[in-house]
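First comes the structure, then the notes that go with it.
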Amino acid sequence: MRQSQLFPKTSRQAPAGAIAENHKLLVRAGFIDQLMAGSWTLLPLGWRVIFKINQVIREELNKTGAQEILMPLMHPKEIWNETGRWEKASGVMYKLKDTREKEFALSFTHEEIILDLVRKHLQSVADLPIKLYHFSTKFRNEPRATGGILRGREFLMKDLYSLHATEEDFWNYYEEVTRAYLTIFARLGLKAIITEAAGGVFTENRTREFQILAAVGEDIIYYDPKTKKGVNKEVFDENKKNFVEAHAIEAGNIFPFGTYYSDKMGVYYTDKDGKKKPVWFGSYGIGTTRLLGVLAEVFHDDRGLIWPEIVAPFKYHLIAASGQQLAASKAEEIYKKLSKSGAEVLYDDRDTSMGQKFADADLIGIPHRLVVSDKTGDKVEIKQRSGNKTELISPEELLD
C-alpha cells in the first residue's frame, strides 16, 4: 500500500474531549473515526487489525470443533418474549417498529436466535454437541459510551454458542473454551486474568470474565498475582486474602446457562430411551472492536502505537528519504519485490519531510521500519518499532 493513497491522513491533534489513549491514538493514526457517541467507523488500517484479530480467534475456535455461521441482526419481538427478555433486557435493547407496526429489536446478543435455529434441526442425541459462532454487530444502549472504542453502543463481537446432551459434556467444553480464550489472548500478546463475575441480563449464574489490566479500565477486580485468577468487585468477598485491587478491561466473557433457556424455548433432544430432554447451553463472547482498543491501551508509548506483529496492519513501513531520487528509485524496487513476495508493506512515498515520515511511522506503530537513503547505499536500514537499535541489511536478506 502506498501511503500517499492511504485514507485518511494522520492528525497531529487528538480529538476534543478524548481521555483514553486508545481514543487519542487510534483516531490520530487513522484507524477509527467517530460518527457519534458509541459509534465508530473502522478505517482501512483499523479494519486490517480487526481482520487479523478475527483470524486468531477463528483459528483457535475451529480447533474446538466450532463452526462459523452468520445470523441476522434484526429480531422479532416474539422470539424475545419466549424467554421473557423483551421486558427483562429492555434497558439495554434498541427496539423499533416497521410500517406495519410489527415490533423488532436490534441484536444485543443471539441466545434466542441460536436456540430457534437449533430447535428446527435438532432431532436426536446423535446431533449433539453443536458448536456455532459468528462475527457480527451488536447494539446495546450503553448509558455511558466512553473510553474511545472500548465501550460502544454499536460494536463488533464474536459470539460462540454450544449445546450439549449432558451437563458433564457442557462443562468439559466450557473448560476447553476457557483454554482457547487464554490461548487467543496470549497470541495477541495480552495477559488475561480469569475473573468470576455476575451474569447481568444474561443469567443468574456466575460467569467467567477475561480481564486485561489497564488504568483506563472501568471494571475493578481483585486478583491473586500468583494464580492470575480474580473476582469482579460486584461479587467480591472481602474476606479473601492475598488479592490485589486493580482496574481492568473485560475483553471476553463466557456464560453457563444450564437448561434455563432451552427449557423456555423447547429445545429438546430425544435420548436413546425415546425420552425428550432439554439441551445444556452456553455462550462465549469476545468484543473484537473492544480488543482493538485494548491493544492500543496496552501497546503504545509517548510517540504512538506499537502493534504486536500478529495483528499489525502491515509488517513493514518502508520510507524513502525525501528529495533523494536514487533512494526513491531503490525504495520503489524494494517495495515491488516485497509486495510480490507476499509481504505486507506500507510504503511512504509521500513528498514530505523525513521528520513527518518518522513521526507518522511511530504514530501508526507498524513493527518494522525500513529506510532507504543515500547514506544506506545498497543496503536498507531496519529498526523495530519497539526498540531504538538500527542495523543495515541487504535487500536480499530482507526478502529472505
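In the stretch 163-177, the count of residues that are surrounded by 19 or more Cβ atoms within 10 Å (Cβ to Cβ) and farther than 22 Å from V118 by Cβ is zero.
Could you please let me know if T183 is within 16 Å of the chain's Cα centre (by Cα), in a helix (DSSP H, G or I) and modelled with pLDDT of 95 or more?
For T183, the condition - within 16 Å of the chain's Cα centre (by Cα), in a helix (DSSP H, G or I) and modelled with pLDDT of 95 or more - is met.
With respect to (1) basic (K, R); (2) within 21 Å of T227 (Cα to Cα); (3) at pLDDT 95 or above, the lone exception for R153 is condition (2). Here the condition is being surrounded by fewer than 15 Cβ atoms within 10 Å (Cβ to Cβ) and either without any contact (Cβ under 8 Å) to a residue 24 or more places away in the chain or over 17 Å from the mean Cα position of the chain (by Cα) (or both); of D98, D127, D116, it holds for D98 alone. Restricting attention to the stretch 368-400 and to residues that are in contact (Cβ under 8 Å) with a residue 60 or more places away in the chain and surrounded by fewer than 18 Cβ atoms within 10 Å (Cβ to Cβ), the residue that is nearest to the chain's Cα centre (by Cα) turns out to be S386.
Condition check ((1) in a strand (DSSP E or B); (2) not assigned by TED's automatic domain parsing to the domain that holds W86) across all residues:
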| position | (1), (2) |
| --- | --- |
| G282 | yes, no |
| I286 | yes, no |
| G293 | no, no |
| E297 | no, no |
| L326 | no, yes |
| K330 | no, yes |
| K336 | no, yes |
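Considering each residue of the stretch 203-245, count those that are among the hydrophobic types (A, V, I, L, M, F, W, C), in a loop (DSSP other than H, G, I, E, B) and surrounded by 19 or more Cβ atoms within 10 Å (Cβ to Cβ), and give that number. Summing the residues that are among the hydrophobic types (A, V, I, L, M, F, W, C), in a loop (DSSP other than H, G, I, E, B) and surrounded by 19 or more Cβ atoms within 10 Å (Cβ to Cβ) in the stretch 203-245 gives 2.
So, of the residues in the stretch 95-133 that are small (G, A, S) and over 15 Å from E82 (Cα atoms), which turns out to be modelled with the lowest pLDDT?
The first filter runs over the stretch 95-133 and keeps only residues small (G, A, S), leaving 105, 107, 124, 126.
Restricting the remaining residues to those that are over 15 Å from E82 (Cα atoms) gives 107, 124, 126.
Details: S107: 98, S124: 87, A126: 94.
The qualifying residue modelled with the lowest pLDDT is S124.
Among all positions in the stretch 61-77, there is at least one residue which is acidic (D, E) and touching a residue at least 12 places away in the same chain (Cβ under 8 Å). With respect to the conditions (1) outside any loop (DSSP other than H, G, I, E, B); (2) of a type in the set (A, V, I, L, M); (3) surrounded by fewer than 16 Cβ atoms within 10 Å (Cβ to Cβ), A14 falls short on a single one, namely (1).
Here the stretch 101-113 is the region considered, the condition is being more than 30 Å from D169 (Cα to Cα) and in contact with a Lys or Arg (Cβ under 7 Å, 6 or more places away or on another chain), and the residue that is surrounded by the most Cβ atoms within 10 Å (Cβ to Cβ) is A105.
The values are calculated or read from the model by the stated rules, or taken from the named source; none is laboratory data. All of these numbers come straight from a predicted model, not from anything done at the bench. We place every Cβ from the backbone using ideal geometry, glycine too, and count neighbours over all the protein chains shown.
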